[in-house]
Amino acid sequence: KTKYSKLVFRKSDTVPEELHQMVQEGFLTLRKHDCFFQDLVRIKGRDFVTPVSRILIGNPGCTYKYLNTRLFTVPWPTEGYDIKYCSPQIHDACKALIRLNDFLHIEAVKALQGQNLLETKEMKDATVINREQNFATCLTEKGSVSKDQSSCYVPEDNNISLKNRTSYNLTLLNYMDPLQMLYLKQEPYFGMGNMAVSWHHDENLVERSTVAVYSYSCEGSTGEESNEQKLKGRDPAVWHVGLKVAWDIETPGLAIPLHQGDFYLMLDDLNLTHQHCVLAGFSPRFSSTHRVAECSRGTLEYILGQCELALQNLQTDSDSTVLSLKSLDAAVVKQVEEIHNEVEFEWLRQFWFQGKRYLKCTDWWLKPMATLEEFWRKMEIMTSLVLSEVGKEGEIEEQRNETISCLLLVLTERQKLREEWRAR
C-alpha cells in the first residue's frame, strides 16, 4: 500500500469469458502464422537480439520506438482504413486485440477514478483531523483546506486527462517459451530467479500514461503452486511480474504471480518511479502490453507532413523539367537536410532493416514506404542542387560559408549513420 499503491492487479475472472477466448485464440493464430519476431535492438552502441519475440499491433500508421529500433504497427481493423490481411484469421486476431484494448481502457479509467476518489477521501480525513486539532485556527485555515482538496481532484478537465492517459494507441505483444532458451539471466537484487525481461522502464510513452498488461501462460492447469514453494518464495513454474522502486534495492521488491488471463495496470507515474521485470515460469507465455505511445514524431501522418514541408523548397520550371531550389538560406537548407536524414534513418532504413516480416500479416505499409522513398529521391536531388549552388563562384561569401557549414554538419551525420546502418 505504501510503495506499490499505483499497481492494480486483476484476476482472470474479472474479464468476460468470451473476451478471454477471442484473445487467446488470437495469440495462438499469430503464433501459428509465425508473426512473432525477435528484434535486433541497440544498447550502448552494440546490437542484441531480444530473447522475447514480439509483434506490434495498433492504430494504422503508428510506430513505437524502443532501444533504437522502430516497430511499425500491424494495423488493427479501423473504420475508414482499407486494411488487407493475409488471412481472415489474422484479421480476427487483430480484431480481438482491439476489443481487449477497449476493455483495458475502461478498466484503467475506472482504476484512476478510484485512486482519485481515494486520495480525495484521505485528504478530507486528514483535514477533519487537522480541524479537530487546531480548532482555534480553523477559520484562518479554511482557505488552504479547500485549496488542498482541489489539488487531488486533478484540476485540469479530469475526464480529458484520464482519457488521454488511458487511450491506448497500440499493443506490443510478447511471446516466449522459456524451455527454448539456453540461458536466462538471474534476477540480481532480490533472488527472484530466472528473468525473461530484465529490470527496465517502458520508454516512449505519453507522460503519466497507464500501461495495461494482459497475461496468458499456456499452463496445464492454474494454481499448481506447492505449499513447500510458497514457504520458500516464488514458485519457479509460474510466471511473475517483478516490481521495484527505481534505483533502490533497500525497499523490498514485489513479485506477483500471473496465471492464465490475469491482467495488471501500472497507473499514473508508476512506470517512471518504479522499474519492472518479467520472471519466467516453465510454460510458454503470451502477453499483450497496451500503451499510450508518445508518437508525435512517430506517425505516418507526421513524416508525410515533414516531407511536404521539405519539398516546398523544390521548384520545377513550368516549361521544362529543370529542378531548382527556391532558397539557399542556411536555415531553410538545414531544415530540409534534417528532414532528409529523418526520412532515411528513422523510417526507410528502420522499416527495410526488418520490415519484410510485416508481410506475413499485411502489406499495409508498402504503399506509404514507396511514397516516402519517392520523397527521399527528390531530397537526394535537392542535396545535389545545394552542393552545386554553393560550389559556384559569385555567391556572397558570408552567406555561402554559412550554408556550407550547416550543410557539412548534416552531411557528416548522414555519412556516419549510413556506415552504422550498413554495419547493422
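The values are calculated or read from the model by the stated rules, or taken from the named source; none is laboratory data. All figures in this text were calculated on a predicted structure; none of them were measured in a lab. All Cβ positions, even for glycine, are placed from backbone atoms using ideal geometry, and neighbour counts span all protein chains on display. The area values use the complete protein model at the heavy-atom level, side chains included, leaving out ligands, DNA and RNA. Shrake-Rupley method; radii C 1.70, N 1.55, O 1.52, S 1.80 Å.
Here are the numbers:
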read-out: Long-range neighbours under 7 Å by Cβ, at least six apart or interchain, first residue over 16 Å from residue 236 (Cβ atoms) within the stretch 187-202, second open to solvent by 40 Å² or more (accessible area, probe 1.4 Å) and part of a loop (DSSP other than H, G, I, E, B); value: 189/249; 198/185
read-out: Selection count where residues are among the polar types (S, T, N, Q), within 23 Å of residue 410 (Cβ to Cβ) and either open to solvent by 30 Å² or more (accessible area, probe 1.4 Å) or in a helix (DSSP H, G or I) (or both), scope the stretch 293-326; value: 5
read-out: Residue within the stretch 96-118 that is open to solvent by 30 Å² or more (accessible area, probe 1.4 Å), under 23 Å from residue 287 (Cβ atoms) and among the basic types (Lys, Arg) present; value: yes
read-out: Selection count where residues are of a type in the set (D, E, K, R) and under 25 Å from residue 420 (Cβ atoms), scope the stretch 304-353; value: 7
read-out: Residue in the stretch 14-24 that is open to solvent by less than 10 Å² (accessible area, probe 1.4 Å), under 30 Å from residue 366 (Cβ atoms) and not polar (S, T, N, Q) present; value: yes
read-out: Hey, residue 344 of a type outside the set (A, V, I, L, M, F, W, C) and open to solvent by 20 Å² or more (accessible area, probe 1.4 Å) or not; value: no
read-out: Helices (runs of 4 or more DSSP H) completely within the stretch 337-424 that count 2 or more residues being farther than 30 Å from residue 85 by Cα and at pLDDT below 95; value: 366-391, 397-423
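This table checks each residue for (1) over 26 Å from residue 303 (Cα atoms); (2) not in a helix (DSSP H, G or I).
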position	(1), (2)
28	yes, no
34	yes, yes
56	no, yes
77	no, yes
89	yes, no
97	yes, no
100	yes, no
105	yes, no
108	yes, no
